[in-house]
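The values are calculated or read from the model by the stated rules, or taken from the named source; none is laboratory data. Since the structure is predicted, the reported quantities are computational estimates derived from the model, not experimental observations. Cβ coordinates were reconstructed from backbone atoms using ideal geometry, including for glycine residues, and neighbour counts include every protein chain displayed.
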Ligand SMILES: [Zn+2]
């Protein structure tokens, strides 16, 4: 209880700090970094469609990429179901998640997940936030999500769980503010993914193909782990050393296939 009160007090301080930043930020429209590489935009559109094809994203959830011209900008669709995203829907944001040019378009309310992770993780070039049902059980029970399959070896460092109640008390579970995005980024730490209790997950990578591959195989590992546990007996997970050695990296070969299928439909 004392721990929760301390966290809530910290959150209150963080929140007021962020409010100042946000108010300042909303008074100015951030300058554009200039047009992003058309290849990056095309890959971001493909990432939206691939993740929808694989059921990682449904009508909700989103994927972003850091801007190739400026590390303090990122690219994310306007509020839209991922399967419907086209190049003209991609918008530019600063890291406080202010849009460069809204054109009166609706924005994702949880865009702060992306901005705050890009701030905290200079190594991250792409972020996915999804609500895949397969991962939910591991965020609401004491059973941790662990890699048991070499294609999900990137999970070898562990998958932390973000408990929004610890930092903000009773909410609608959505990451609606920079302060909540910052708290989520802190839970993620230097890991590849974090679960969000009763909500979904966030996955990061140094590339769009990487974050798409990680999102697909995180979901698959969750299905396989639930099946393995249901069989009974002892489950053998990857040893951290096996995980480190087997990390599949950028999923480049699969990316070419996924992208071609998604873009030729
Ligand atoms: Zn969400």
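What residue, among those in segment 195-208 that are more than 16 Å from the ligand (Cβ to nearest atom) and crowded, with 24+ Cβ neighbours inside 10 Å, is nearest to the chain's Cα centre (by Cα)?
Initially, segment 195-208 is screened for residues more than 16 Å from the ligand (Cβ to nearest atom), giving 205-208.
Adding the requirement that they be crowded, with 24+ Cβ neighbours inside 10 Å leaves 205, 208.
Working: 205: 9, 208: 11 Å.
Once the filter is applied, the top-ranked residue is 205.
If residue 106 meets every condition in (1) over 24 Å from residue 183 (Cα atoms); (2) buried (at least 22 other Cβ atoms within 10 Å of the Cβ) apart from one, which number is that one?
Here residue 106 clears every test but (2).
Determine which member of the set 119, 191 is part of a helix (DSSP H, G or I) and more than 16 Å from the ligand (Cβ to nearest atom). Break it down stepwise before answering.
Details: 191 fails: part of a helix (DSSP H, G or I).
So the residue among 119, 191 that is part of a helix (DSSP H, G or I) and more than 16 Å from the ligand (Cβ to nearest atom) is 119.
Is it fair to say residue 180 is buried (at least 22 other Cβ atoms within 10 Å of the Cβ), within 16 Å of the ligand (Cβ to nearest atom) and over 13 Å from the mean Cα position of the chain (by Cα)?
Details: buried (at least 22 other Cβ atoms within 10 Å of the Cβ): yes; within 16 Å of the ligand (Cβ to nearest atom): yes; over 13 Å from the mean Cα position of the chain (by Cα): yes.
For residue 180, the condition - buried (at least 22 other Cβ atoms within 10 Å of the Cβ), within 16 Å of the ligand (Cβ to nearest atom) and over 13 Å from the mean Cα position of the chain (by Cα) - is met.
I'd like to verify a number: residues in segment 127-163 that are within 14 Å of the ligand (Cβ to nearest atom) and without any contact (Cβ under 8 Å) to a residue 24 or more places away in the chain, how many? It would help to see each step written out before you state the result.
First, pick out the residues of segment 127-163 that are within 14 Å of the ligand (Cβ to nearest atom): 127-133, 135-136, 139, 162.
Imposing the further condition that a residue be without any contact (Cβ under 8 Å) to a residue 24 or more places away in the chain reduces the set to 133.
So the count comes out to 1.
Does residue 124 satisfy the condition of being more than 16 Å from the ligand (Cβ to nearest atom), at pLDDT 95 or above, part of a loop (DSSP other than H, G, I, E, B) and touching a strand residue (DSSP E or B) at 6+ places or on another chain (Cβ under 6 Å)?
On the way: more than 16 Å from the ligand (Cβ to nearest atom): yes; at pLDDT 95 or above: yes; part of a loop (DSSP other than H, G, I, E, B): yes; touching a strand residue (DSSP E or B) at 6+ places or on another chain (Cβ under 6 Å): yes.
Yes; evaluated as a whole, the condition is true for this residue.
Sort through 101, 58 and tell me the only one that's in contact (Cβ under 8 Å) with a residue 60 or more places away in the chain and within 14 Å of the ligand (Cβ to nearest atom). Give the derivation first.
On the way: 101 fails: within 14 Å of the ligand (Cβ to nearest atom).
Exactly one residue qualifies, and that residue is 58.
Within the bounds of segment 100-108, is there any residue that is modelled with pLDDT of 95 or more and assigned to a helix (DSSP H, G or I)?
No, every residue in segment 100-108 fails to be modelled with pLDDT of 95 or more and assigned to a helix (DSSP H, G or I).
Answer yes or no as to whether residue 249 is modelled with pLDDT under 95 and assigned to a loop (DSSP other than H, G, I, E, B).
yes
So which of 183, 226, 230 is modelled with pLDDT of 95 or more and closer than 19 Å to residue 120 by Cα? Explain how you work it out, then say what you get.
Numbers: 226 fails: closer than 19 Å to residue 120 by Cα; 230 fails: closer than 19 Å to residue 120 by Cα.
Going through 183, 226, 230 in turn, the sole match is 183.
One residue is enough: does segment 214-230 have a residue meeting the conditions in a helix (DSSP H, G or I) and surrounded by fewer than 13 Cβ atoms within 10 Å (Cβ to Cβ)? Walk me through it before giving the result.
Filtering segment 214-230 down to residues in a helix (DSSP H, G or I) leaves 214-230.
After this cut, where a residue has to be surrounded by fewer than 13 Cβ atoms within 10 Å (Cβ to Cβ) as well, the list is 227, 230.
Checked against the condition, which is being in a helix (DSSP H, G or I) and surrounded by fewer than 13 Cβ atoms within 10 Å (Cβ to Cβ), segment 214-230 yields at least one hit.
Step by step: first the residues of segment 164-175, then only those that are in contact (Cβ under 8 Å) with a residue 40 or more places away in the chain, in contact with a helix residue (DSSP H, G or I) (Cβ under 7 Å, 6 or more places away or on another chain) and within 19 Å of residue 116 (Cα to Cα), then the one that is surrounded by the fewest Cβ atoms within 10 Å (Cβ to Cβ). Which residue is that?
The qualifying residue surrounded by the fewest Cβ atoms within 10 Å (Cβ to Cβ) is 166.
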